[in-house]
Amino acid sequence: MIETNVSRRHHESFLQVIQSYYQLTKPRIIPLLLITTAGSMWIAAKGQVDPVLLLVTMAGGTLAAASAQTINCIYDRDIDYDMERTRHRPMPSGKVQVRDALIFAIALAVLSFTLLTVFANLLAASLALSGIIFYVLIYTHWLKRHSTQNIVIGGAAGAIPALVGWAAVTGTLSWSAWLIFAIVFLWTPPHFWALALMIRDDYAKVGIPMLPVVEGNAATVKQIWYYTLITVAATLLLVYPLHSSGIVYAAIALSLGALFIRKSWRLLHNPDDRPTARELFLYSISYMMLLCLGMVVDSLPITHHLVNAAISQLHLIS
Ligand code: HEM
Ligand SMILES: CC(C)=CCC/C(C)=C/CC/C(C)=C/COP(=O)(O)OP(=O)(O)O
């Protein structure tokens, strides 16, 4: 009886340890990073992605992002302890020691690099590694605590998975790859500043110079507005002049974009209204998810067949 209780306790604490390491990787953000990788892969492969390559690239991307987030958790453990939202993370709450987290992060990075080099190619592996380095050194170490432009420049790290996807398929980077990178890059300020408007007091408390803290809500919503407009315009360049996506993607990008602009416009006129900021933040996530799914659907051979059939029907009628 006593032995059973002891083994149950061991079992529970083992699960808690696993859970703590899992939380270090900030797992909720990773699926969207992977969706941007997928959008890029499908366009690069013209709708026919090798399933093994897809699996390997997703796994390599996940490991790289998890490594980057773990190092971020180690570095930011002081401010994470002071902020309500992040206080219960594994580092500030003392569930994982710095040395162990560091070993975990290095193991993840090595695994990611090896997997991508062996089963995809060196360019994809190096891009993922540069994503980790950029996120840790440029965003976390250099900019996050020192510049109101922290997330604008730092946003480049979050856009790298799109390059990884393209590189995994083609072994090179093209204009379209850089455009998908730019779309995620330009989308990041509306995504993050909408959230920062909601939790600016938390950032102010720990002295992180997020734009709403330093320049106020009115200046922030203006910036969000401009970035939203440029993001939506950029999404259309995939159709023209690049011709990498077709009419189905164009319709999706236009509809999603119109809604993005509407929500951003509402925030522009209600800079102090937290529910409006929250609505834009939540929408920004659905927007990126659906936009990338639109890239995938548009690239599929069946979509091309259906579109061509519809166009021939229209010709017949007219
Ligand atoms: C420098 C750039 C970025 C910053 C500073 C940032 C910051 C944040 C923060 C602070 C949260 C709230 C997380 C929480 O409550 O624990 C969040 C949520 C989220 N971010 Fe970002 N983000 C950035 C870029 C990205 C990128 C590039 C993606 C994916 C393409 C992304 C996807 C998400 C998702 C999916 C969530 C919602 C997670 C949930 O369900 O709670 N973010 N972001
Ligand atoms: C290819 C590759 C490995 C790319 C790395 C991409 C990556 C990890 C992007 C994450 C972007 C993000 C959610 C930042 C939040 O940081 P934060 O520290 O401001 O968030 P917090 O306030 O919740 O701690």
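The values are calculated or read from the model by the stated rules, or taken from the named source; none is laboratory data. From a predicted model like this one, the values you see are computed outputs, not experimental measurements. Note: ideal-geometry Cβ built from the backbone for every residue, glycine included; neighbour counts use all protein chains shown. Please note that ligands, DNA and RNA were not included when accessible areas were found on the heavy atoms of the full protein model with its side chains. Shrake-Rupley method; radii C 1.70, N 1.55, O 1.52, S 1.80 Å.
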Determine the per residue accessible area of segment 1-119 with all protein chains present and a 1.4 angstrom probe, expressed in square angstrom. 57 Å²
Any idea of the accessible area per residue across segment 196-318, 1.4 Å probe, to the nearest Å²? 52 Å²
Under a crude label model (7 Å from the Cα following the beta-carbon direction), how far is Trp142 from Ser7 in nanometres? 5.4 nm
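Taking Cα atoms of segment 1-111, Rg/Rh with Kirkwood Rh, to two decimals?
Reported Rg/Rh, Kirkwood definition of Rh: 1.11.
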Dividing the mean separation of Cα pairs under 8 Å (6+ apart) by the residue count of segment 83-151 yields a relative contact order in percent of 14 percent
If you count only protein heavy atoms and use a 1.4 Å probe, how large is the accessible surface of Leu108, to the nearest 10 Å²? 20 Å²
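State the three equivalent ellipsoid semi-axes of segment 91-164, derived from the C-alpha gyration tensor as the square roots of 5 times its eigenvalues, in descending order and whole Å.
Each semi-axis is √(5λ); the values are 23, 20, 7 Å.
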Got a number for the accessible area of Val248? Probe 1.4 Å, square angstrom, nearest 10. 40 Å²
On the accessible surface of segment 200-310, probed at 1.4 Å, how many percent belong to carbon and sulfur atoms? 66 percent
Compare His304, His146 by solvent-accessible area with a 1.4 Å probe and give them largest first, with all protein chains kept in place. His146, His304
Which part of segment 191-213 falls in the paramagnetic zone of Asp273, meaning amide N under 15 Å from the point 7 Å along Cα-to-beta-carbon? 198
Could you sort Tyr81, Tyr203 by their accessible area in this structure, using a 1.4 Å probe and putting the largest first? Tyr81, Tyr203
For segment 59-98: span of alpha carbons on each principal axis (Å, largest first): 32, 19, 14
Would you list Phe113, Phe181, Phe260, Phe119 from the most to the least accessible area, probe 1.4 Å? Phe119, Phe113, Phe181, Phe260
Evaluated over the chain, the Cα radius of gyration and Dmax, each in Å: 21.5, 83
Convex hull volume per residue for segment 120-208, taking Cα atoms only, in Å³: 83 Å³
Over the heavy atoms of Trp178, what accessible area does a 1.4 Å probe trace out, to the nearest 10 Å²? 120 Å²
Restricting to lysines and to Cα separations under 27 Å from Lys205, and discarding same-chain partners fewer than 8 apart, the set is Lys26, Lys95, Lys144, Lys222
Can you tell me the orientation of helix 150-170 relative to the chain, as the angle in degrees between its alpha-carbon axis and the longest Cα principal axis, to the nearest 10? 60 degrees
With Cα atoms, 0 to 90° folded angle of helix 211-236 axis to the chain main axis: 40 degrees
Using Cα pairs under 8 angstrom and six or more residues apart, how large is the relative contact order of segment 163-243, in percent? 35 percent
How far apart, in nm, are two points set 7 Å out from the Cα along the Cα-to-Cβ line at Arg87 and at Ser312? 6.6 nm
Spacing of the two label points (7 Å from each Cα toward its C-beta) at Val98 and Thr172, in nm: 4.6 nm
Note to self, the chain gives a 222 nm [θ] from helices alone (DSSP H runs n ≥ 4, -39500 (n - 2.57) apiece, / all residues, nearest 500) of -26500 deg cm²/dmol
Output the 0 to 90 degree angle, nearest 10, between the alpha-carbon long axis of helix 301-317 and the longest principal axis computed from the alpha carbons of the chain. 30 degrees
